[in-house]
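S.K.: Take a look at the following structure, please.
A short reminder: the numbers here are calculations on the coordinates, not readings from a lab. Note that the coordinates shown come from a computational prediction; the quantities given were computed from them, not determined experimentally. Cβ coordinates were reconstructed from backbone atoms using ideal geometry, including for glycine residues, and neighbour counts include every protein chain displayed.
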Amino acid sequence: MQGKWIDAEGPASELVIDGSEITCFGKAVAYDSKEFVVEDGAITVSLLVGDPANEDAFQRANITGLVITAEGDFHAYNLKFASQYVRPEA
C-alpha cells in the first residue's frame with residue numbers, strides 16, 4: 001500500500017501512504033490507531049480514533065479504510081464514498 005496512488009476514475013484525487021502517514025484529498029489523515037485484517041487473500045486496514053465523541057466526524061471527514069483485494073485492486077473508503085486507486089503512470 002505504500003507510495004503514491006491516484007483515483008482510477010481520474011487523477012484529481014491523490015492518496016499517498018508514507019510509513020504510517022496517510023494523505024488524501026490534500027490533507028493528512030489524523031487517526032489514532034489502525035487495525036489489519038487478512039481474509040480470503042484481501043488485506044484490510046481500518047483507521048480508528050480513540051475518542052468515541054469524535055468517531056462520527058472522523059468517519060465523515062477522512063478515509064477510514066484501505067483494502068487490497070486478492071486480485072491486487074486497491075480501494076479506499078469512508079461512510080460517504082469508496083474509490084479504486086491505481087499507481088500513476090511513470
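S.K.: Calculate for the chain the 222 nm mean residue ellipticity that helices alone would give, adding -39,500 (n - 2.57) per DSSP H run of length 4 or more and normalising by residue count, nearest 500 deg cm²/dmol. All intermediate terms of the calculation are to be shown ahead of the outcome.
M.R.: On the way: 1 runs with 7 residues, N = 90.
Using -39500 (n - 2.57) per qualifying helix, the result is -2000 deg cm²/dmol.
S.K.: Then there is this: Which length gain, in nm to one decimal place, applies between Asp32 and Gln84 when the Cα-Cα distance is subtracted from 0.36 nm times their residue separation?
M.R.: 16.3 nm
S.K.: Taking neighbour Cβ counts within 10 Å as the exposure measure, how do Ile43, Ile6, Ile63 sort from fewest upward?
M.R.: Numbers: Ile43 15, Ile6 18, Ile63 22.
Ordered by Cβ neighbours within 10 Å, fewest first: Ile43, Ile6, Ile63.
S.K.: Per residue of the stretch 6-15, in order, report the coupling 6.51 cos²θ - 1.76 cosθ + 1.60 (Karplus, θ = phi - 60°) as ³J(HN,Hα) in whole Hz, putting x for Gly and Pro.
M.R.: 10, 4, 5, 7, x, x, 5, 9, 10, 10
S.K.: Work through the residues other than Ala42 whose Cβ is under 10 Å from its Cβ and net out their charges, Lys, Arg +1 and Asp, Glu -1.
M.R.: For residues surrounding Ala42, the net value is -4.
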